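Report on the structure given below.
The values are calculated or read from the model by the stated rules, or taken from the named source; none is laboratory data. Note that the structure is a prediction, hence the values are computed from the model and not measured. As a convention, Cβ positions derive from the backbone with ideal geometry for all residues, glycine included, and neighbour counts pool all protein chains shown. Quick note on the areas: whole protein, heavy atoms, side chains included, nothing else; ligands and nucleic acids left out. Shrake-Rupley method; radii C 1.70, N 1.55, O 1.52, S 1.80 Å.
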Amino acid sequence: MPQFDVDLFVIGAGSGGVRAARVAAQYGARVKVAEEFRVGGTCVIRGCVPKKLLVYASRFADEFEDAAGFGWQVPSPRFDWKTLIARKDSEIARLEGIYRANLERAGAELVEARAVVEGPNTVVLPATGERITARHVLIATGGKPADQPHFIGREHAISSNEVFHLKSLPERITIIGGGYIALEFAGVFAGLGSKVTLVHRGPHLLRGFDDDVRLSLETAYRDRGIEILLERTVARVDKAPGQLRVTMSDGSMHDTDVLLSAAGRVPYTQGLGLAASGVALNEKGAVIVDEFSRTNVPSIFAVGDVTDRVNLTPMAIREGQAFADTVFGERTTRVDHKQIPTAVFSTPEIGVVGLTESEARAVYSGLQVYKATFRPLKATLSGRQEKVLMKLLVDGATDKIVGAHMVGDHAGEQVQLLGVALSMGATKADFDRTLAVHPTAAEEWVTMRTPVA
Ligand code: NDP
C-alpha cells in the first residue's frame with residue numbers, strides 16, 4: 001500500500017465538499033479540505049441562504065399592503081437596503097463560522113487556499129507550491145455564473161455574485177433570464193420597490209416547468225408590475241451618465257440602473273488541472289462521473305454542481321454523503337436523481353415534484369389531471385387578486401400520483417411533504433382518504449375530486 005499524506009483531499013468547501021469531508025473524517029479518514037474563497041460555498045455565501053433572506057425581506061411589502069384589509073393602519077413603510085445587506089452579511093458570517101466549526105469538530109483540516117489537481121493522487125497549492133498526496137481526491141468546486149449571453153457592453157452587467165452587494169437598492173433593474181435565479185431576483189426587487197424588467201429569449205418563462213405553472217407565474221408577475229419582455233434578447237448596453245441604456249434585439253430601448261445577467265451557471269472546472277490529470281470532462285466542462293461519483297481516474301471523484309447532474313444543494317449534500325459512505329464507510333450507496341422536489345422562491349412561490357403534464361402525457365395514456373385555482377382565504381379581506389394554483393397528475397391505470405405542482409404561498413414547504421408522499425408511491429385514493437385540514441390552502445390537495453382532463 002503506498003503511503004499518502006491524507007486519505008481524502010477535497011477541493012471546495014461548499015455543501016457537497018463539506019458533507020463528504022465531515023463524514024469521511026468521522027469514519028476515521030485523514031481529511032484536508034481546500035477553499036479559495038469562503039467556507040460554505042455558493043449556497044451559504046452567495047446563493048440559497050442570502051437569497052432566501054432577501055426574499056423574506058421583499059415579502060413584507062405584501063404584508064403591509066394586506067394589513068389594511070384587516071383593519072390595521074400602517075404608516076407608509078420605508079425600506080433601507082443597507083440595513084438589510086448588513087444584517088444579511090452578519091448572518092452569513094455566522095453560518096460560515098458554523099461550517100468551519102463543523103469541519104474542525106469532525107477532524108477535517110481546512111486549507112484556505114486554491115488547490116489544483118496534479119495527478120491521480122497529488123494536489124498542489126499554487127500559492128505556496130506545497131504538494132499533498134492523497135489516496136482519494138474529491139472535486140467539489142461547484143459552479144459559477146455563465147459568461148452568457150454576449151453582447152456589446154457585456155462588462156456593464158453583473159451576475160448573482162455581485163447582486164448581493166449592491167451599494168443601494170436600484171430604482172430600476174433589468175434582469176436577463178427566465179430561470180430560477182432571474183425569477184427569484186425579479187420577485188425580490190419588485191417587492192422591495194424597484195421597477196423590474198425581465199428579458200427572456202424564450203416564448204415563456206421557466207422552460208421545463210409545467211405549462212400551467214409557467215403561465216400562472218407570468219400572470220402574477222405582470223400583475224405585480226414586472227415588465228416581461230419575451231422572445232427578445234439584449235443586443236447592446238451603453239453606459240450613460242448615472243444609468244445604462246439597454247438596446248434590445250427588436251431595436252427597442254430602455255434605461256436601467258442595474259443589469260443582472262442570470263442566464264445559467266456553468267461547472268467551475270477551469271484551471272483545476274483536471275484535463276492534464278486525465279479526468280474526462282463533458283462539452284460543458286462538467287466532470288463526468290459514474291453512479292458512485294467516480295471519474296474515469298479511479299482515485300478522483302466529484303460531487304455537486306461541478307458534475308452538472310442535478311444542480312441543487314440538497315443533491316450535492318446527498319452525493320457527498322453517498323461518496324463518503326461508499327469509499328470510507330464500507331456502505332455502498334447510490335444516489336437517486338429522480339423525482340426531486342424543488343421550489344422556485346419567486347413571489348408567488350413555486351413548488352413542484354414529479355412530472356409535468358406534457359412529460360406525463362408522453363408516458364401515461366390514461367393521465368388524469370386535477371387542478372384547483374382559487375383566491376386564498378387571506379385574500380378575501382386583503383383584496384389581493386392573486387390566485388393559488390394546485391395541480392395533481394395521476395396515472396389512471398395505477399392511480400399513482402406522478403406529479404404535483406403549486407404556485408402560491410409556502411409552495412416550497414408544501415412540496416417538501418408532497419415529495420414524501422410521492423416517494424412512498426402515494427395514490428390518488430391515499431390523498432382522497434386523508435382528512436382535510438380546514439381552513440388551509442393545502443387541503444385542496446386532498447379535496448380535488450373531478451379531473452379536468
Ligand atoms: P436556469 O438554467 O434555471 O435558467 C437560465 C435561464 O437563462 C433560462 O431561462 C435560459 O433560457 C436563459 N439563458 C441561458 N443562456 C442564455 C443566453 N445565451 N441568452 C439568453 N438567455 C439565456 O439557470 P439559473 O442561472 O437561473 O440557475 C442555475 C441553477 O441553479 C438552476 O438551474 C438551479 O439548478 C439552481 N438554482 C436553484 C434554486 C432553487 O432551488 N430555488 C435557486 C437558484 C438556482 P432557456 O430556458 O431558453 O434555456
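Observations
- Asp430-Thr333 pseudo-label distance in nm [points 7 Å out on the Cα-to-Cβ vector]: 2.3 nm
- Among Ala379, Gly396, Val55 - extreme Cα towards positive end, dipole of the chain, charges at beta-carbon: Val55
- Heavy-atom accessible area with a 1.4 Å probe sorts Phe185, Phe4, largest first, into Phe4, Phe185.
- Point-to-point label distance, Gln26-Glu155, nm (Cα→Cβ direction, 7 Å offset): 4.8 nm
- Alpha carbon centroid spacing (whole Å) that separates the range 237-290 from the range 398-416: 32 Å
- Compared with the direct C-alpha span, the chain from Ile288 to Glu112 gains 60.7 nm at full extension, assuming 0.36 nm per residue.
- Estimated 222 nm signal from helices in the chain, with DSSP H stretches of n ≥ 4 weighted -39500 (n - 2.57), rounded to 500: -10000 deg cm²/dmol
- 16 Å reach of a label modelled at Gln3, 7 Å along Cα-to-Cβ, counting backbone N of the range 288-302: none
- Phi-derived couplings, Karplus 6.51 cos²θ - 1.76 cosθ + 1.60 at θ = phi - 60°, listed residue by residue for the range 299-309: 8, 10, 10, 8, 9, x, 4, 5, 9, 6, 8 Hz, with x used for Gly and Pro.
- Surface accessible to a 1.4 Å probe, Cys43 within the full protein complex, Å²: 20 Å²
- Karplus-derived 3J(HN,Hα), 6.51/-1.76/1.60, for each residue of the range 150-157, Hz, glycine and proline x: 8, 7, 5, x, 3, 5, 7, 8
- Kyte-Doolittle at least -0.5, axis length at least 20 Å by Cα - qualifying DSSP helices, the chain: 48-67, 313-328
- In the range 132-207, the GluC sites (Glu not before Pro) that fall in loop regions by DSSP, at most 14 other Cβ within 10 Å: Glu171
- A cut-off of 5 Å between modelled amide H atoms, ignoring neighbours fewer than 5 places along the same chain, links Glu118 with Val123, Val124.
- Using the Cβ-Cβ distance between Arg94 and Arg245 with R0 set to 51 Å, the FRET efficiency from 1/(1 + (r/R0)^6) comes to roughly 0.80.
- For Ser423 and Thr447, a Förster radius of 35 Å and the Cβ-Cβ distance give a FRET efficiency of 0.95, rounded to the nearest 0.05.
- Chain lengthening between Glu104 and Asp80 when straightened (0.36 nm per residue, less Cα-Cα): 5.0 nm
- Only lysine pairs 8 or more places apart, or on different chains, with alpha-carbon atoms under 23 angstrom apart are counted in the range 295-453, and they number 12.
- Dimensions of the range 280-321 from C-alpha coordinates, computed as largest minus smallest value along each principal axis and given longest first, are 25, 22, 12 Å.
- Compactness of the range 275-411 - radius of gyration and Dmax, Cα, Å: 20.3, 64
- Proximal lysines to Lys82, defined as alpha-carbon separation beneath 20 angstrom and excluding residues fewer than eight positions away on the same chain: Lys51, Lys52, Lys167, Lys195
- For the range 92-173, trypsin sites (Lys or Arg not before Pro) are listed when DSSP marks them as loop and at most 14 other Cβ atoms sit within 10 Å of their Cβ; the list is Lys167.
- In this rough spin-label picture, where each label sits 7 Å from Cα along the Cβ direction, the Phe64-His165 distance is 2.8 nm.
- Cα pair distances exceeding 18 angstrom across the range 50-196, given as percent: 71 percent
- Note on the chain: Cα Rg divided by 2.2 N^0.38 Å, N the number of residues, gives 1.06.
- Rounded FRET efficiency, nearest 0.05, which uses the C-beta distance separating Ala275 from Leu377 and R0 of 51 Å: 0.30
- In Hz, Karplus ³J(HN,Hα) per residue of the range 160-165 (6.51, -1.76, 1.60; θ = phi - 60°; x = Gly, Pro): 5, 5, 7, 5, 6, 10
- Ratio of the Cα radius of gyration of the range 48-117 to 2.2 N^0.38 Å, where N counts its residues: 1.75
- Loop-resident chymotrypsin sites (Phe, Trp or Tyr not before Pro) (DSSP state other than H, G, I, E or B) in the range 231-321 with no more than 12 further Cβ atoms inside 10 Å of their Cβ are absent.
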